[in-house]
Amino acid sequence: MKFKANPGALFTVVVLLLMVGLVMTAKQWQYQARLFPWTIGIPTMLLCFLQLGLDLFRGKDGDEDVAGMMDLPVDRSVPVAVVIRRALNIFGWIVGLYLSIWIIGFILSVPLFLLLYLGIQAGESWKVAVTYMLVMMVFMIGVFEMVLHIPWPPGLINGPQEFILGLVERYLSGLVPI
Amino acid sequence: MLEAATVAFENLLVPTRLGYLFIGVLMGLALGAIPGLGGLVGLAILLPFTFDMDSFEAFAIMIGLISVTSTSDTIPSVLFGVPGTSASQATILDGHPMAKKGEAGRAFGGAYMASLLGGVFGSLILALSIPVLRPIVLAFGSPEFFMLGLLGISMVAVLSGTAPVKGLVAGALGLCVGMVGMDPQTGVLRWVFGQLYLWDGVPLVPVALGIFAIPEIVDLTIRGTRIADVPKERLKGVMSGIRDTFRNWFLVLRCGVVGVFVGAIPGLGASVVDWFAYGHAIQTEKGANETFGTGDVRGVLAPEAANNAKEGGALIPTIAFGVPGSASMALLLGAMTIQGLTPGSAMLTKDLAVTYTMIWSLAIANIFGTILCMLLTNTLAKIAMVRINLLTPLVVVIVILASFQATRHWGDLWSLLFFSLLGWFMKRFSWPRPPLILGLVLSGIIENYLFISISRYGATWMLRPIVMIVMLLIAASLYYGIRNARKAQELQQMREGQIEREQGGEADEV
């Protein structure tokens, strides 16, 4: 048995701290409310310690054989540095989309995201990117606005989104007189 | 009961419901054909759009989707040697060699027909099990249902990977996520961190999408290339494959039984059902030891019959006992509760028509799926070859829009981001994710059962005979899971040692 620090153990530590936090918070609740959280949380804390021991002393990188998992195995052929870079990149785009939704709203952000991702990140031709963007706009307005009537949250700068929604409304009221 | 089945059939024949079923089948076929995505991702995306549907429509589209992913997942398995979903890994062993020999059409003909027969067989077994299960379910009380919930989570936790401790912790995490919000018994706000959004609990949709959909697409993007890039070949001999299925009808039937059985046991399911059936075929079929793995059509029929039959089996514990055996069944259970349905005795009595609608949907979806696969194999093969660059932004956008449908609050988007990161780390560090979803879906239900059990029976609820039997089953499943995991790890260490020795030997020779 040899000690080996690894990223898998770090993740277990995060889960362990989360469980400790959850159990400690439940301390102030009345008995009935904390019965189930403690019934589950306290044994889970012990299991986390056990898992941490397994991670640290079994010398593995948390990379068990996934045979039997309800999943396709993770592709381990890509170097870790590349995995981290690409993961940060895609999560960065998602966060960017969130920021854009917060600033200019859903209706404009989603097609804009498609345009920029395909044009810049994916290296597709701008023709493909613009076609994708237009199809997505029609899909969003058709399904989410006209069928599901989603109340889109306003952006910080709400003018453009309101303008587009206003256009759709005017078009619809012209098409289907009330 | 026959009357309920007839009413359910009539209910499903309403054009809009059949239309939803058809849309579900189309989505399922496309998702099954794209390696890396699958029914679970589709189901998670679909879930918020079923909120405004009636229960017949909702289950038509959802069951339509999950029934046929195991039909179209054959396409990349046979043509490219890449499994469309985890349920078609064994199909590659003989399907891909058949494609290399120019018999892809025959492999598809056999696989589709075996999938159809397996799927219909699974729904038939489900239908026949209802009259048998009804008196058993009606005899169960809250203590029994509480223990069955724990049994489901513990079995999925220890069997869904070779790291049972991680599985158990993941299940417990799911239970904890399910406890967030106002406690229905006391009104205490649990783990809401001052957020009004969390008062009603964490919605299932962003959690399911975050745990499953985003990590899959992130990993596909990390891999960077198109999912499959082997050129497709012309298909011929489809009819010969269909004839093979009928020639081997007894094998197909037996593998259908294997599929139903494996599907009904929580924790087993998609990733093992095909191997069980393949193993069974090797052991029982004449000359299999010599021909299997070299392009024997029986090696395609066996897993394909089983992986379609498993859905019928998986629905049995989900509907009758409220114990979903897999993450997709957990989402279906979530949809049931959203639709105001309670799994268990109510599904076998007052909501029997809904149950039979599910069964009919399963059977009809398999028929639709097979016909469409026969007609659209070439198109679906093109979908499997789609460039990941085109798929990533589309899936990300659809997931975000679907997630926002949960409560139409910014909190949905933050939940999505949080659980996406959690899901991705879990995937990278080999933490099984299905137990987390099961825990989340079952949390409220089993806490309620525990509360009723204690208030009504005190501590004596633990002494009820069925409760004690289920306790023993939980202990047995934990023991079996841990022993199994240890064996798998020893085997892996042996393999690693062997590889190291071989590499050492090669270095010496150099």
Cleavage-rule hits, trypsin sites (Lys or Arg not before Pro), the stretch B:388-457, DSSP coil, Cβ neighbours within 10 Å at most 12: none
Sort B:Tyr112, B:Tyr20, B:Tyr479 from largest to smallest accessible area, using a 1.4 Å probe on the heavy atoms of the protein chains. B:Tyr479, B:Tyr20, B:Tyr112
Just to confirm, what accessible area per residue do you get for the stretch A:7-57 at 1.4 Å probe, in whole Å²? 50
Solvent-accessible surface (1.4 angstrom probe) belonging to B:Val272, in square angstrom, nearest 10: 30
Given the Cα-Cα distance of B:Thr460 and B:Arg243 and 0.36 nm per residue of separation, how much length would full extension add, in nm? 72.2 nm
Which value, in Å³ per residue, describes the convex hull spanned by the Cα atoms of the stretch B:2-509? 161
Rounded, prolate or oblate: pick one for the stretch A:80-175, where a ≥ b ≥ c are the square roots of the eigenvalues of its C-alpha gyration tensor, a/c under 1.5 means rounded, and failing that, prolate if a/b is larger than b/c, else oblate. prolate
Count neighbours as other Cβ atoms within 10 Å of each site's Cβ, and list the chymotrypsin sites (Phe, Trp or Tyr not before Pro) in the stretch B:188-223 that are DSSP loop with at most 14 such neighbours. B:Phe193
Set A:Lys27/B:Lys487; B:Lys166/B:Lys382; B:Lys310/B:Lys382; B:Lys166/B:Lys286, cut-off 31 Å on Cα-Cα distance; pairs above it are A:Lys27/B:Lys487; B:Lys166/B:Lys382; B:Lys166/B:Lys286
In whole angstrom, how long is each semi-axis of the equivalent ellipsoid of the stretch A:7-57, when you take the square root of 5 times every eigenvalue of its Cα gyration tensor and sort them from largest down? 25, 10, 5
Computed FRET value (nearest 0.05) for A:Thr39 with B:Lys236, which takes r as the C-beta separation and R₀ as 51 Å: 0.25
Nearest 100 Å² is fine: how much accessible area is buried between A and B, summed over both sides, with a 1.4 Å probe? 7100
Show B:Ser88, B:Ser326 ordered by accessible area, largest first, where the area counts protein heavy atoms only and the probe is 1.4 Å. B:Ser326, B:Ser88
With a/c under 1.5 counting as rounded, go ahead and sort the protein assembly as shown into rounded, prolate or oblate using the C-alpha gyration tensor (a ≥ b ≥ c being the square roots of the eigenvalues; past the cut-off, prolate if a/b is larger than b/c, else oblate). rounded
For the stretch B:322-405, just list the percent of Cα-Cα distances falling in each 5 Å bin from zero outward, please. 3, 11, 12, 15, 14, 19, 14, 8, 4, 1
Using only C-alpha atoms and all pairs of different ones, pull out the Kirkwood radius for the stretch B:252-393 in Å with one decimal. 17.1
Linear extension gain, B:Lys382 paired with B:Phe250, 0.36 nm per residue minus alpha-carbon span: 44.2 nm
What ranking do A:142-155, B:250-263 get when scored by the average of other Cβ atoms within 10 Å per residue, highest first? B:250-263, A:142-155
Whole-percent carbon and sulfur share, accessible surface of the stretch A:7-57, 1.4 Å: 79
Using a simple spin-label model with points 7 Å from Cα along the Cα→Cβ vector, what separation in nm is obtained for A:Arg170 and A:Phe49? 6.9
Rounded accessible area of B:Tyr480 (nearest 10 Å², 1.4 Å probe): 110
Percent of C-alpha pairs per 5 Å bin, the stretch B:274-348, short to long: 3, 15, 20, 14, 10, 9, 10, 9, 5, 4, 1
Within a Cβ distance under 12 Å of B:Ile63, other residues only, what is the Lys/Arg minus Asp/Glu net charge? -1
Please give the helix B:15-33 orientation as an angle from the longest Cα principal axis of chain B, in degrees from 0 to 90, rounded to the nearest 10. 60
Could you work out the pair-distance distribution P(r) of the stretch B:404-458 from its alpha-carbon pairs, with 10 angstrom bin width and percents rounded to whole numbers? 20, 31, 29, 16, 3
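The values are calculated or read from the model by the stated rules, or taken from the named source; none is laboratory data. Note that this is a predicted model, so its numbers are computed, not measured. Methodologically, a virtual Cβ is constructed for each residue, glycine included, from the backbone with ideal geometry; neighbour enumeration extends over all protein chains shown. The accessibility values were calculated without ligands, DNA or RNA, using every heavy atom of the protein model including side chains. Shrake-Rupley method; radii C 1.70, N 1.55, O 1.52, S 1.80 Å.
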